[in-house]
Number of protein chains: 2
Amino acid sequence: MVSKSTSKPIGVIGAGSFGTAIANILAEKNQQILLYVRTAEKALQIEKIRESAGQTLHENIEIINDLSRIGNECDVIFPMVPSANFREMMRSLSPFLRPYHIMIHGTKGFDYNAPEKFHPTPTNPLTREHIRTMSEVIQEESSVVRVGCLAGPNLAREIAEKKPAATVVASQFDEVIKIGQKLLRTDRFLIYGSTDLIGIELCGILKNIIAVGAGTIAGLGLGENSKSLFISRGLVEMVHIGKALGGNAEAFLGLAGVGDLIATCSSELSRNFTVGRRLANGETIDEIMESMEEVAEGIKTINIIQDLSKTYKTRVPIAETLYKILHGDMTVEDAHGYLMKFPFRAEIDFM
Amino acid sequence: MVSKSTSKPIGVIGAGSFGTAIANILAEKNQQILLYVRTAEKALQIEKIRESAGQTLHENIEIINDLSRIGNECDVIFPMVPSANFREMMRSLSPFLRPYHIMIHGTKGFDYNAPEKFHPTPTNPLTREHIRTMSEVIQEESSVVRVGCLAGPNLAREIAEKKPAATVVASQFDEVIKIGQKLLRTDRFLIYGSTDLIGIELCGILKNIIAVGAGTIAGLGLGENSKSLFISRGLVEMVHIGKALGGNAEAFLGLAGVGDLIATCSSELSRNFTVGRRLANGETIDEIMESMEEVAEGIKTINIIQDLSKTYKTRVPIAETLYKILHGDMTVEDAHGYLMKFPFRAEIDFM
């Protein structure tokens, strides 16, 4: 059933698992979707088999390799590329963007905007100025004003299998929330709204840290009691660092916060959770990352948060412990022993 | 390693799965535990095989069938019996209790103190006066002043398997929290403290409603996205009804709230989750309850909350929907269709 809800095509940038899932949802409801793929070779291959990231493409999706068509033909654009490629993509797209464009991204990582070869020290620390969310990158690199993001418990494989789910569209502009809802809402995909754009972006980014940790607990076979304890502590850590970086506590208690956190910490379908599980099984982070098809954003985020927490004097015992594991300074077993000995204190003090 | 942390034995009332697990933890650290079992026959049987609820008993545990010994010999008592038997047990125990006794219970259900044959109507509604938490029952039925409760992600089987876990001891008395911590803390069992006794009791009670619902989602095979959405909404519903019944929002965001909620919604080891899963598979509630060895507190709680929500004009779409399922007025499939169509609104508005 194709509704004529928009006369222009909708743009999706990036045909990874989440980008493809969102493109398919959009295609179900809307006439034409342009799905941009970065390399011509990959675009040809996807077009040939009409499949990307294991998902069959809806007939309303046109695979393209020309970024100018996204800007020139679409009013509403969903960028869904890894954080490491986001700014570069925006710089290429920017000449084709105008203030009337609306961009709603689904990227759950930070842009690391520090000068090359920047090594933070106590006198020259990493600050929020060096770190950007994707909505900030969009605004820095283009004339687009009306930006938003998607975040929530959205394991792409389940969405592709047409299982029910919900997401949050966050934007300072009600118009963006309403358009996101109109384009994406189906009878199995609920869309909530939030005006705390930075808070909701931070939820999606920070929860990946906790997912890596939860994966290590699963890998050690410590059980649901331990994992739930870990997630509870993780939620508190997310709120503390999230507030230091400009989000409000409320965001973390909703669907994009605790909801996404639970899904990501409960499923082998989560890349970050899988990284943790494999770390617990004795693989090194280099081995794991080499073998993964898509990026696990949590690894980069752990490194960034470890540095930022020093600047903002925020305690992040989980991120710090995972940092040590990633850099070979602590074993997964010792890390959990350490967390179980962590001083007794009431951790819910953010309200 | 037996420490002489107390010269008197510690009492545990009830040898169900959680009572036995707590008795074993106490026995590891303390010289003597009196574990009360209600019937002489059952006590003999447990004593004979030195095993209860599938758990081998620590050698420091003495099985008894004489409630007077609990009162006369113990200063600190852990009542761990189903809510339906709690008041009756307290009435039998009360003659042996004095104001110096400390009671920390682990029961996660309401006492239903309405007159027999009471049928709530709009003009004669069920109120908070008819509903008691176990700490309130203790205070009503005895001279004990220093009461507390245990709540958190504490699947008994995992504790019995010596997997790490944490719990919350809640009491208005710091002394009770400190004693609970001293008696229970091991290197694999962390004890947090809270002074919001009613809030923490409500966490343990209300989360069982959501666990039944999460079980239905698992039974329908709807996936982690759906379950996480459901848990997020459930958390909000818990906060709303919990505040109406005298708890503070903070409790629900900590280990005994969201932590216990996650564990209970993630494991076949949870009785309430299992009830939901079996409902989704087409069994009736009568069939399910008949076949269970221990009570699933969530069923009684759903009925109570459905009535209380009318009195306090609090929206409880999840409890209401489960109530309809339990009473044959809605199928599990229709219920989830209904919840997915629920009006769009930001549900995080309790802070």
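The values are calculated or read from the model by the stated rules, or taken from the named source; none is laboratory data. The model shown is predicted, which means the values in this text are computed figures rather than measured ones. Backbone-built Cβ (ideal geometry, glycine too); neighbour counts: all protein chains shown. When the accessible area is computed, the model is the full protein with side chains, heavy atoms only, and any ligands, DNA or RNA have been set aside. Shrake-Rupley method; radii C 1.70, N 1.55, O 1.52, S 1.80 Å.
Things to note:
- Every test in (1) buried (at least 24 other Cβ atoms within 10 Å of the Cβ); (2) over 14 Å from B:Gly215 (Cβ atoms); (3) within 8 Å of chain A (Cβ to nearest Cβ) is passed by B:Lys341 save one, and that test is (1).
- A:Ser232 vs. criteria surrounded by 22 or more Cβ atoms within 10 Å (Cβ to Cβ) and farther than 19 Å from A:Gln139 by Cα: yes
- For the range A:119-144, a residue qualifies if it is part of a loop (DSSP other than H, G, I, E, B) and either over 22 Å from A:Ser309 (Cβ atoms) or open to solvent by 30 Å² or more (accessible area, probe 1.4 Å) (or both), and the qualifying residues are A:His119, A:Pro120, A:Pro122, A:Thr123, A:Pro125, A:Thr127, A:Ser142, A:Ser143, A:Val144.
- Only one entry of A:Glu287, A:Glu268, A:Glu250 meets the criterion of being within 14 Å of another protein chain (Cβ to nearest Cβ) and loosely packed, with under 14 Cβ neighbours inside 10 Å, and that entry is A:Glu268.
- Residues of the range B:145-154 include none that is open to solvent by 40 Å² or more (accessible area, probe 1.4 Å), within 14 Å of chain A (Cβ to nearest Cβ) and modelled with pLDDT of 95 or more.
- So B:Arg128, is it of a type outside the set (Phe, Trp, Tyr), at pLDDT 95 or above and over 23 Å from B:Ala53 (Cβ atoms): no
- Residue list for the range A:87-103, filter: open to solvent by less than 80 Å² (accessible area, probe 1.4 Å) and either over 15 Å from A:Gly71 (Cβ atoms) or among the hydroxyl-bearing types (Ser, Thr, Tyr) (or both): A:Arg87, A:Ser92, A:Ser94
- Hey, B:Met80 under 20 Å from B:Arg157 (Cβ atoms) and touching a strand residue (DSSP E or B) at 6+ places or on another chain (Cβ under 9 Å) or not: yes
- Of all the criteria given as (1) within 11 Å of another protein chain (Cβ to nearest Cβ); (2) open to solvent by less than 10 Å² (accessible area, probe 1.4 Å), the one not satisfied by B:Val176 is (1).
- Any hit, the range A:325-340, residues being among the aliphatic types (A, V, I, L, M), assigned to a loop (DSSP other than H, G, I, E, B) and at pLDDT below 90: no
- Residue count for the range A:290-317, restricted to those that are open to solvent by less than 60 Å² (accessible area, probe 1.4 Å) and either in a helix (DSSP H, G or I) or at pLDDT 95 or above (or both): 14
- Residue within the range A:200-220 that is surrounded by fewer than 22 Cβ atoms within 10 Å (Cβ to Cβ), within 29 Å of A:Asn85 (Cβ to Cβ) and either basic (Lys, Arg) or at the interface with chain B (Cβ under 10 Å from one of its Cβ atoms) (or both) present: no
- Filter pass, A:Ala166 being open to solvent by less than 10 Å² (accessible area, probe 1.4 Å), closer than 29 Å to A:Ser226 by Cβ and in contact (Cβ under 8 Å) with a residue 12 or more places away in the chain: yes
The rows are residues; the columns are (1) farther than 18 Å from A:Phe86 by Cα; (2) in contact (Cβ under 8 Å) with a residue 60 or more places away in the chain; (3) more than 18 Å from the chain's Cα centre (by Cα).
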| residue | (1), (2), (3) |
| --- | --- |
| A:Ile102 | no, yes, yes |
| A:Glu116 | no, no, yes |
| A:Pro120 | yes, yes, yes |
| A:Glu129 | no, no, yes |
| A:Ser142 | no, no, yes |
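- Taking (1) without any contact (Cβ under 8 Å) to a residue 60 or more places away in the chain; (2) more than 10 Å from chain B (Cβ to nearest Cβ); (3) not hydrophobic (A, V, I, L, M, F, W, C) in turn, A:Thr195 satisfies each apart from (2).
- Taken over the range B:56-86, the criterion of being more than 20 Å from B:Leu183 (Cα to Cα), surrounded by 18 or more Cβ atoms within 10 Å (Cβ to Cβ) and polar (S, T, N, Q) is satisfied by B:Ser83 alone.
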